[in-house]
1. Pop out the carbon and sulfur fraction of the accessible area of the chain as a percent, whole number, probe 1.4 Å.
2. Extension gain residue 20-residue 66, at 0.36 nm per residue separation less the Cα-Cα distance, in nm?
3. Residue-wise, which Karplus ³J(HN,Hα) couplings in Hz belong to region 127-142, taking 6.51 cos²θ - 1.76 cosθ + 1.60, θ = phi - 60°, and x for glycine or proline?
4. Would you pull out the residues with amide H under 5 Å of residue 153's amide H, same chain only if 5 or more places away, H placed 1.01 Å from N?
5. Could you run the Karplus curve 6.51 cos²θ - 1.76 cosθ + 1.60 with θ = phi - 60° over region 155-170 and give me ³J(HN,Hα) per residue in whole Hz, x for Gly and Pro?
6. Would you work out the Kirkwood radius for region 1-138? I mean one over the mean of 1/r across all pairs of different Cα atoms, in Å.
7. What list of ³J(HN,Hα) values in whole Hz, one per residue of region 70-85 in order, does the Karplus curve 6.51 cos²θ - 1.76 cosθ + 1.60 (θ = phi - 60°) give from phi, with Gly and Pro shown as x?
8. Quote to one decimal, in nm, the extra length available between residue 47 and residue 157 on full extension: 0.36 nm per residue of separation minus the C-alpha distance between them.
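The values are calculated or read from the model by the stated rules, or taken from the named source; none is laboratory data. Since the model is a prediction, treat every value here as computed from it, not as a measurement. Calculation scope for accessible area: heavy atoms of the full protein, side chains included, ligands and nucleic acids excluded. Shrake-Rupley method; radii C 1.70, N 1.55, O 1.52, S 1.80 Å.
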Amino acid sequence: MVDKSYRVYLRELCEADINDEYLSWFANSQVTEFLNARNLTKNDVLEYIEIGKESQTYFMHAICDVETDRHIGNLKIGPIDRDNMTSDLVTLIGNVDFWGKGLATEAIELGNTLAFDKYDVRKLTGGICSNNIGSIKCYTRAGWIIEGTLKEHYIVEGKMYDRVCVSCFNPKYSALGN
């Protein structure tokens, strides 16, 4: 299983990762602009990680910089729908010093491989606010396709935006067809 690219690697998110720098990501309005998770406490995060482990429905991973070994973001696989073998894959580069370098795309590519190989996911999905151009580019550069658009799905600061539905398919299951 590939868990490392040229510039980032993934590992399980652990309690030691939940420090002041980590919590500051969720207090930064620039970082949380497209997130529902804001102003988290250490207990909030630890409880969330534990629920995912216990339920086996979602799994949190740290995105780390290969050069510095620094934790720069998170990747979540889940919730996993075991009946349909589908899952969301959510990526966040929380450290703004690492924005604009293509690292989220590399993390998504690693997440694709992890979800397909370790969790046997058939299809990964995501929904992105249409004004989040950076995320749309990251996912499509990582091999995802735009499957559709849900009109006026989000309300952000009083304005309505579409939800861009993206997905990525596990090649192992491409022969299933109808």
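1. Numbers: 4880 of 9970 Å².
Here carbon and sulfur together make up 49 percent of the probe-accessible area.
2. Numbers: separation 46, 0.36 × 46 = 16.56 nm, distance 2.14 nm.
Length gained, residue 20 through residue 66: 14.4 nm.
3. Running phi through 6.51 cos²θ - 1.76 cosθ + 1.60 with θ = phi - 60° gives x, 10, 4, 4, 8, 8, 4, x, 5, 4, 5, 4, 5, 5, 5, 8 Hz.
4. Answer set, sorted by chain and number: 161, 162, 163.
5. Each residue's phi maps through the Karplus curve to give 10, 10, 6, x, 10, 8, 9, 6, 9, 8, 8, 10, 7, 9, 10, 6 Hz.
6. Values: mean 1/r = 0.0656 Å⁻¹.
After inverting the pairwise mean of 1/r, the radius is 15.2 Å.
7. 7, 6, 10, x, 10, 9, 10, 10, x, x, 8, 9, 5, 5, 9, 6
8. Working: separation 110, 0.36 × 110 = 39.60 nm, distance 2.95 nm.
Full extension from residue 47 to residue 157 adds 36.7 nm.
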